[in-house]
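Structure first, then comments.
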Amino acid sequence: MTQDHTLNSPEQSQLGKVATYKAEYDASLLFPIPRSAKREEIGVSGTLPFFGVDIWNGYELSWLNQRGKPQVAIARFHVPADSPNIIESKSFKLYLNSFNQTKVADTDTLIQTLQRDLSAAAGAHVSVSLTLPEQFSQLQMQELSGTLLDRLDIEVDSYHPAPELLRANHDEAIVEETLVSHLLKSNCLVTGQPDWGSVQIHYVGPQIDQESLLRYLIGFRNHNEFHEQCVERIFVDILRQCQPQKLAVYARYTRRGGLDINPWRSNFSTAQAPGNARNARQ
């Protein structure tokens with residue numbers, strides 16, 4: 001790619017613009033956006049306070065075999081959180097669609113091509129795996145585990161992130177718990193289209209007040225930011241306001257254009273990267 005990735009901004013992407021769908025392979029469609037600017041907004045620079053991965057699932061991947069017969073698969077992409085760039089999702093969709101009328105020798109060649117192009121765009125190694133039709137029956141749905149915050153009967157009057165709402169009880173014993181909400185909604189940074197998600201928060205530390213946490217999460221409802229950026233904002237706000245010793249935040253967003261994005265951030269080394277079972281809304 002000839003673009004200078006450091007100059008790319010969401011406004012320069014294909015978001016909100018009429019796009020021509022290319023049906024033949026074109027790696028130049030990928031549009032990287034540096035993570036650094038949005039991280040600076042939340043006071044993150046230099047050494048990251050977390051590690052993690054963005055798990056992408058592509059449900060509309062198709063290509064042609066050497067005899068011109070269409071092939072289909074579900075693709076999984078792991079983009080490391082310490083990569084310098086995210087890949088704008090519409091450009092990702094356009095790129096995947098560029099394989100529709102492209103002959104590919106075999107699935108290994110396809111995987112190698114995807115890994116090469118996506119790694120170049122992200123600025124770090126992106127792993128790729130395919131689930132072929134004969135394996136579709138092995139895929140399962142599974143909801144995020146944890147105590148459901150949505151059971152709480154609360155009054156809400158603010159729909160923008162307010163970290164000052166978050167609080168924890170520092171006078172009692174340390175706890176370890178996992179909390180879940182399906183009420184996460186944010187909006188695309190450029191188009192304002194709604195992004196729907198479920199979020200799981202696992203922590204060890206002073207017990208977080210659940211009502212305040214739920215109000216905080218609902219506060220993203222009118223907030224414009226990409227999926228990855230929302231999860232990092234949630235992580236940093238909880239870390240600063242509640243001061244847990246260990247923290248992991250995982251969100252599973254519903255798909256758009258055949259793609260879903262599921263960011264995970266953690267600050268403790270024994271945390272295992274989450275599984276990739278899709279939930280009912282995905």
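The values are calculated or read from the model by the stated rules, or taken from the named source; none is laboratory data. Note that the structure is a prediction, hence the values are computed from the model and not measured. Cβ sites come from the backbone with ideal geometry, for glycine too, and all protein chains shown count toward neighbours. Just the protein is used for accessible areas: all its heavy atoms, side chains included, with ligands, DNA and RNA removed. Shrake-Rupley method; radii C 1.70, N 1.55, O 1.52, S 1.80 Å.
Could you identify which residue out of Pro32, Pro133, Pro206 has the top mean-square fluctuation in a GNM of the chain using Cα springs shorter than 10 Å? The residue that fluctuates most here is Pro133. In the context of the full set of protein chains, residues of segment 125-282 present 46 Å² of accessible surface per residue (probe radius 1.4 Å, heavy atoms only). Shape descriptor for segment 131-282: Rg over Rh equals 0.98 (Cα atoms; Rh from the Kirkwood inverse mean 1/r). Computed from the C-beta positions of Gln101 and Ser28 and an R0 of 22 Å, the FRET efficiency is 0.85 to the nearest 0.05. Axis of helix 107-122 versus longest Cα principal axis of the chain: the two differ by about 50°, to the nearest ten degrees.
The fraction of accessible area contributed by carbon and sulfur in the chain is 47 percent, rounded to a whole number (1.4 Å probe; ligands and nucleic acids excluded). Restricting segment 57-103 to trypsin sites (Lys or Arg not before Pro) that sit in a DSSP loop and have at most 14 other Cβ atoms within 10 Å of their own Cβ leaves Arg67. Once the Cα atoms of helix 227-242 and of the chain are each reduced to a long axis, what angle between those two axes, in degrees from 0 to 90 to the nearest 10, is obtained? Between helix and principal axis, roughly 20 degrees.
Extending 7 Å from the Cα toward the beta-carbon at both Lys69 and Asp108 defines two label points whose distance is 2.0 nm. Please compute the contact order of the chain in relative form: average sequence separation of alpha-carbon pairs under 8 Å and at least six residues apart, divided by the residue count, as a percent. Averaging sequence separation for qualifying contacts and normalising by length gives 20 percent for the chain. Backbone N atoms of segment 243-275 closer than 16 Å to the 7 Å Cα→Cβ label point of Glu176 belong to residues 244-249, 267-273. Relative intensity of the chain on a log10 scale, I(q)/I(0) at q = 0.13 Å⁻¹, equals -0.89, per a Debye sum over C-alpha point scatterers of equal strength in the absence of solvent. Taking label positions 7 Å along the Cα-Cβ direction at both Gln140 and Ala280, the computed distance is 1.7 nm, reported to one decimal. Between Arg240 and Asn169, the simple spin-label model (points 7 angstrom out along Cα→Cβ) gives 2.6 nm. With no solvent and one equal point scatterer placed on each C-alpha of segment 52-161, evaluate the Debye formula and give log10 I(q)/I(0) for q = 0.20, 0.21 Å⁻¹, two decimals. Log10 of I(q)/I(0), two decimals: -1.09, -1.16. Relative contact order, whole percent, for segment 69-182 stands at 33, derived from Cα pairs under 8 Å and 6 or more residues apart. Quick one: work out Rg over Rh on the C-alpha atoms of segment 37-83, Rh as Kirkwood radius. Result: Rg/Rh = 1.29.
When the square roots of the Cα gyration tensor eigenvalues are ordered a ≥ b ≥ c, the ratio a/c for segment 213-274 is 1.5 or more and a/b does not exceed b/c, which makes its shape oblate.
Quote to one decimal, in nm, the extra length available between Gln193 and Glu60 on full extension: 0.36 nm per residue of separation minus the C-alpha distance between them.
45.8 nm
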